[in-house]
Structures are given as structure tokens and as C-alpha cells.
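A short worksheet on the structure shown next.
The values are calculated or read from the model by the stated rules, or taken from the named source; none is laboratory data. What you see is a predicted model, and the numbers here were worked out from it, not measured in a lab. Cβ placement follows ideal geometry from the backbone for every residue including glycine, while neighbour counts extend to all protein chains displayed.
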Amino acid sequence: MRHLLPTLTLALLGACGSDHLSLNSGPGEVRHLELLVPDGGIPSRQPTLIARLEAPSNPDDWSTKVTGDVGPRFEKKRLVLPTGKGASLTIPGPLEPGFNRIVVDGVFQGTKQRVDLSLISSTGRELPLKAQVALPLGVNQSLIFDAPQLPTTHPFRELRIKISGGPSAIQHVDFWQRPTSSHYPALDGAADTIAIGEEARMGWGLPQDFPVACALGPIRTGTHLIASAGILAEAQMRGEKPELVVTISGDGFSDEVASLDLSIQNSPFQDMDVDLSEYAGRDAKVSFLFQQEGATLGACALTNVAVLNAGVAPPLALLITSDTHRGDHMGCAEMGVDVSTPSLDALGDLGVIFERGYASTNITSPSHAAILTGIHPRDSRVLSNTERMVDEAWTLGEAYREQGWWTIAVVTVRHLGPRGTDVAQGFDMVWSPMGKPPQAEIPVAQTRKWLKEAAGRPVFIWLHLFDAHDPYAPPKDYADRYWDADIDPFDPSLPKHNWEPGTYPPRLKDLRHTEWPAALYRGEVSYLDKELGRLLREPRVQTGVVAFTADHGEELNGILSRFDHRTLTPSTLHVPLILTGDQVPPGARIAKRVNQLDLGRTMLDLSGLYGAAYPGTNLLRHLDADEDSSDEPIFAMSAHGFSASVTVGHWHLLMQLRDQRRPSLGQVAALHVFLHDISKDLLCGTNLRDQEPARAEEMLELLVAWLHEKDHGPLVAMRNTSAAEIAELSALGYSTGVESVKSEKPWVPVHLTAKKILEQQP
């Protein structure tokens, strides 16, 4: 969205009119300000090449060492290191200071290669740089090593390079001076996400000693100026006393109103909130200046620059997504599951329970992308946890933000945040952990903290909880709630289970009591319900618009998959869906199957933002629907094996879109069709395609026609997923061997009809 809603313009200082601050009284409103840059333009962000060292024709010139019998050689202007175990080389100096980036250009052909760099100072001190991992592409790669805090006074004695993991060929090594401001979004572009530690804000990079300003226009009583600032770790310079100085000025006055100390370590960003009431009636501007002692190339993040007219009772909208939460695992679902969820039950009493809410996919990031854009994965092509959404995507957070709401996202897995798929793009404030997903207590506490800070502001909050996701590890009190702690689930004296290999996590291969994981799962649900209650009891939340749902469900004791969500079955597609608001009749229930994609549009409507740009239709239309009317078809798509499904009434049809040869999912040929009667076979263990040929063709015609449609363009920004990211996702239990989908080719060849596909079935 960032280029669609620019909040920055190049202009002469003072050239802005006085209409930038048109705030309404009552509920409150947030207006993000435009930055004004002096007519002279902004400092250059382009790096400067200081020196280039070409690979020498004599390998001894770089003191090269390899493991093995074959020594290094010079070939095709590259220094070739023909070893599978690694090599090291030393580039002698002196290397004159003034650079803060080193680029190693070459070819790396191992399975996974690690490259380590160390600079040796004139005194012999070793300065290691952050290692880089090269993916084996077989073509030239440029490995970038940033070191903004390198000493700038004395030359370096030498550069040492260590390569492990496979053969390589080094072409040249470049030394650059990169302006620190280039680590941030440019001042002459739209505000973009800046992530520091676990938090992210919308803003720009402000170069040191370079003032920028915002026109406030005539100031009103009760108007507040808000902003925040921070410094990226990779952009920190060797300076002292970094601070952001904020000045209000106008005709005949100029006052410093705030100074943010950016050396404070208690938070990634420092916040300011200045009451401008004493300047009421004056036409003014605000100026921002970043300065520090002992550094010349520094920069900071200037974020969330806005004015606030606080409201007495500002509205709130809260979207809660519980990862991997089955639709039947709530007490208020009344589906016979022994699970205690008093907080969710109370929420259901306040609003409407959709008894059969259905997700559009069974994978975390794609499902959240669908919820927060209203665009089905069929069209967005966001189908895996390793793909990044394009900046042009329009999210629910951005829709609220455009309408003058403050927007907050608290997500418990990194790949939903700005360092991953960027599903949380466009939010004013984002919190996402760097490591293992935390238990519900921590993100709930963070949400409550930011909710308190948002007092007086209309606010939209997205909270994501990970607790119900594999491997099911609730706190002890909840681990024992549905399981007798004296019973060993791995008791070797009991018979082994007879599950098919590949249908369950390897850690459960010696499991004897097969009901134990489901008991832990229920413990996770009850635990997150308890923690969630702390948020749901907040007075603002109780009077706001609240939606509770999940990205997908879970196969607990399924047939094709156990304790996972790799298949498109009702167990993985049926999700909880509760909705409250002052326009929602309390205690209502809707039994019809509904599409989760409509949730964003419904929340905007309930928030009074009927004109906000966002796809979908209001879910409350089902309140007036004829009870005897048939369900709308629900379509889903998965990148786990690339399959698509359609559910109508008690029939569920699934078709394989590509050949599947993955051990974890079995072997299924492309265009293979499965038909299930989920009224009798909810686990989808029996294929009725041949027994119900007319039904199969009817359902398949619906699915093929839907696959041939297109309602929106792709939202995928292709990128190379690093080996570290893949390892991290695997550690979380996510399947990562998924091919990205960049092309807009039809999912099914246009010449194939349902009848032809069925004729080709084995």
C-alpha cells in the first residue's frame, strides 16, 4: 500500500496549507503528517566504492589455503578453491579505513556454504563480521558484510576470509562506504516499515544534522503531537548522546518541546506525546533534528509522526487469530468436545457465533494474508510461509489507518511480521518475537500495554496467538488438566499404534496412548483462553468490535494426517468465528457455512467505516438468510502438495493440482480427485468418487470453474528464503519444501473439463 497512500512530499518549508489538521471532536482521530524537505533535496543514499581488490593470478598473493590434494588456481578471472571441505585466504593490507561494507563476489557451489570475514587491525586485534550463508545457485553471488561501527582512524593489516561447506571461486572483494540512512526508508518515498528488535513502526530514515519539518496548520486546543524514533542495530555509529530534538515554530516563536534520548535501551523506540494546547490558534510547524557527538554519517528512524485529537470514548476493533485452533474446540461451539473456554464462551454470549466458519487454506501465513487482505490464495498466490507480500497489497490494518485509526499488530511468529511475509504491513506498531513463539501470557500483556498507550485514540488491534500449534506444550497445570499425569503416554509395555508412516510427527513414533496429544492440545486451548480473558475483560474491549477466529484447524486423530494440518479436510478448514459489536445481536448463532474472507469487510462495517476500501461482503447478512437455503460453496487451496477443494452441504471434494511426491504427504498424481461425504466420514478416509459419479462431476465442475476464475492479481513478492529462515520454520514444525508460485498460469489447463479429468482417474 505504501505507494498508494503517500505521507511524504518534497516541498519548500512552509509551502503547505493549513488544512492538514482537520480533526473531529468526540471519538478522536489520528492524522499522519506529511514531512517537508528543504528545497535543496536530501543527502545521497548511494554507497561509494572505496576500493576493489581483484582476484590475483598468483594464489599465493592472497595466502590461500585449501583442504585436500588439489590446490587453488586462477581461472576465468576467479580464484578457484576446489575443495569440498572449505578454504581460507588472507588478503594483505594495508587496507585504508573509511569503509563500512565489504562485498565478496564469487560463485559458491556447496550444499550450504558459510563465509566468515575478519578484519585484523594494525595492533593485531581481530574484528569478526557477521557470517553470511550462500545458497548454491551456481552463478555469481555477492555476499554483503555490513560493519557500520568500524574504526575510522587506522588502516587494517589484513582481511581474512574463511569458507566452509563446499567449493568456491572468488572474483573480487569490494570495500564500500554506505550512508547509514540507506538502512532506512528514504525521505523522498512513502513511509515504510522499520523493524528494530521485536518492534516495528512506519516511518523514514532521518540523516544526522539534516532537519525535516511538518506543517501543523492552525493548532486547536487538545491537539497532541505524537512521534517515535529509534536506531537500527546495523546502523549504529560510533557516536555519543544520540538524540532527536523536536521544535515547534511559527510567526514570532520557536520552542523546543521534546528531546528523545536514543541511547536508552529499555525499548527499541522512544515515544513522545506533546500537548500543543498552549499554541492553540497559532499556525505552526514542527521540526525534527537528529544529532549526536563524534559521528558524521549517522541516521535514525523517525516514525509514527502524527497529530491526535483525543476522544472521550474512542472506538476499538480487535481481531484475534488463534493459530491452529479447531472450530469445535470451544465450549460455546457445543460440539461435544471436553474443553473449557469460559472467556470465549462469554465472548460468544456477547455476539454471534458462526458455527461453521471456514478458512481459505490450511497454512499460517497464506491464511492470515487472506484474512487481512480479503483476497483468496487462489488469486494472491501467497501460498507458503516463505513468501513475502508485495508492498502494493492493501491490508485491513491499512484500511483502518487510512480512516484515522491507530493500528497495532502483536504476532507471535516472526514470519508474520516485517522480517517474514510482512502480513502485518502498514500497521503503526508491530510486535513480533525474534525467537521461539512465546506463550499467550506475553503477547496478551504486550497488547494490553499498547492498548493503554492508545488511550484517546480510535484503535484497531490484531493479536495472533500460537499456543494451539504443534508441539502442544501447555504450562504444567494445563498439561495435566485433560490427562492423568501418572499415566505414561509412551509406556513401552503397551502395543504400538498402527499409523501409516508419514502421517504423524516423528517424535510420536513410540507413542502408546494415542489420545495423549489431543489432551495436550485441549490444555493449550484452555490456557490461551485464560490468558485471553485478561484482554477481553478490558473495558474498551468489552464495548468494541471483537472478532475471534483461527488461520486453520488441526487434524488430531485423522487418517491422512495426525496432529498436523497438511491436508484440506474439514478438520483443518473449519475454524472458530465469533463476532461482537453494538450492531451484533447477543447470543445469536448461525449454522450455515460461511467464508472467513468476509471477516475484514464485516469488521470495517461494524466500526462505522462503510466507505473504507476493502473487498468482501458483510457476514451479518446470514442473520436474515432463510434457514432452509443451501450453503454457499466454500473453496480452499493449499501449497502442501498443491491441492484445491470445494465444500457444499455435506459433500467435500479435493483435487490434486500437481504431482505429489513428498514423504510426509504420500504420493498422489496430479488431477487426482477425492470425494467425501463428511456427514458420515468427517475424517475423509473413504473416496466416494467412483460410487457417486454424478455428484463428483457436479462438484468438480464447480471447482474447475472457480480455478479458472481470477478476481485479483498476485500479491507475491518473490525472494530467496535464506537457509536460516528455512531452518527456523522447520523448527516451528512448518513444512518448508514448498515451491513458490510466481506465474499467473491457470491452476488447471483451460482445455480440461470436469468430465475429462474424471475420465483420466486411475
query: Which of the residues spanning segment 584-601 are closer than 17 Å to residue 544 by Cβ and surrounded by fewer than 22 Cβ atoms within 10 Å (Cβ to Cβ)?
result: 584, 585, 586
- request: Would you check if residue 96 is of a type outside the set (Ser, Thr, Tyr), in contact with a Cys (Cβ under 8 Å, 6 or more places away or on another chain), within 30 Å of residue 209 (Cβ to Cβ) and at pLDDT 85 or above?
  value: no
- prompt: Yes or no: residue 218 out of contact with any Cys (no Cβ under 9 Å at 6 or more places or on another chain) and either in contact (Cβ under 8 Å) with a residue 40 or more places away in the chain or not assigned by TED's automatic domain parsing to the domain that holds residue 278 (or both)?
  reply: yes
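If you check residue 327 against the conditions, is it surrounded by fewer than 22 Cβ atoms within 10 Å (Cβ to Cβ), among the small types (Gly, Ala, Ser) and not assigned by TED's automatic domain parsing to the domain that holds residue 247? So that I can check it myself, show each step before the final result.
Values: surrounded by fewer than 22 Cβ atoms within 10 Å (Cβ to Cβ): no; among the small types (Gly, Ala, Ser): yes; not assigned by TED's automatic domain parsing to the domain that holds residue 247: yes.
In short, no.
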query: Looking at segment 646-662, which of the residues that are surrounded by fewer than 17 Cβ atoms within 10 Å (Cβ to Cβ) and under 16 Å from residue 757 (Cβ atoms) is modelled with the highest pLDDT?
result: 658
- prompt: Which ones in segment 444-472 are touching a residue at least 40 places away in the same chain (Cβ under 8 Å) and charged (D, E, K, R)?
  reply: 448, 453, 457, 467, 470
message: Looking at (1) assigned to a loop (DSSP other than H, G, I, E, B); (2) small (Gly, Ala, Ser); (3) not assigned by TED's automatic domain parsing to the domain that holds residue 304, which one does residue 189 not meet, given that it meets all the others?
response: (3)
- prompt: Can you tell me which residues in segment 430-461 are at pLDDT 95 or above and either touching a His at 6+ places or on another chain (Cβ under 9 Å) or of a type in the set (Val, Ile, Thr) (or both)?
  reply: 430, 442, 443, 444, 447, 459, 461
message: Condition (residue is in contact (Cβ under 8 Å) with a residue 12 or more places away in the chain, under 17 Å from residue 415 (Cα atoms) and either within 15 Å of the chain's Cα centre (by Cα) or not in a strand (DSSP E or B) (or both)) applied to segment 335-357: is it met by at least one residue?
response: no
message: Condition check: modelled with pLDDT of 95 or more, within 21 Å of residue 411 (Cβ to Cβ) and either surrounded by 21 or more Cβ atoms within 10 Å (Cβ to Cβ) or in the same structural domain as residue 405 (by TED's automatic domain parsing) (or both). Does residue 606 satisfy that?
response: no
statement: If you go through 441, 402, the only one that is touching a residue at least 60 places away in the same chain (Cβ under 8 Å), closer than 28 Å to residue 329 by Cβ and surrounded by fewer than 22 Cβ atoms within 10 Å (Cβ to Cβ) is 441
query: What number of residues within segment 467-486 satisfy the criterion of being surrounded by fewer than 11 Cβ atoms within 10 Å (Cβ to Cβ) and not acidic (Asp, Glu)?
result: 2
- request: Give me the pairs, please: first residue somewhere in segment 57-75 and within 15 Å of residue 162 (Cα to Cα), second residue anywhere and surrounded by fewer than 13 Cβ atoms within 10 Å (Cβ to Cβ) and small (Gly, Ala, Ser), beta-carbon distance under 6 Å, and either six or more positions apart or on two chains.
  value: none
query: Which residue out of 515, 524, 538 is within 30 Å of residue 599 (Cβ to Cβ), among the acidic types (Asp, Glu) and free of Cβ contacts under 8 Å to residues at least 60 places away in the same chain?
result: 524
- prompt: Does segment 70-81 contain at least one residue that is among the hydrophobic types (A, V, I, L, M, F, W, C) and out of contact with any strand residue (DSSP E or B) (no Cβ under 8 Å at 6 or more places or on another chain)?
  reply: yes
- request: Would you point out which residue out of 580, 549, 543 is out of contact with any helix residue (DSSP H, G or I) (no Cβ under 9 Å at 6 or more places or on another chain), in contact (Cβ under 8 Å) with a residue 12 or more places away in the chain and β-branched (Val, Ile, Thr)?
  value: 543
- request: Answer yes or no as to whether residue 318 is buried (at least 23 other Cβ atoms within 10 Å of the Cβ) and modelled with pLDDT under 95.
  value: no
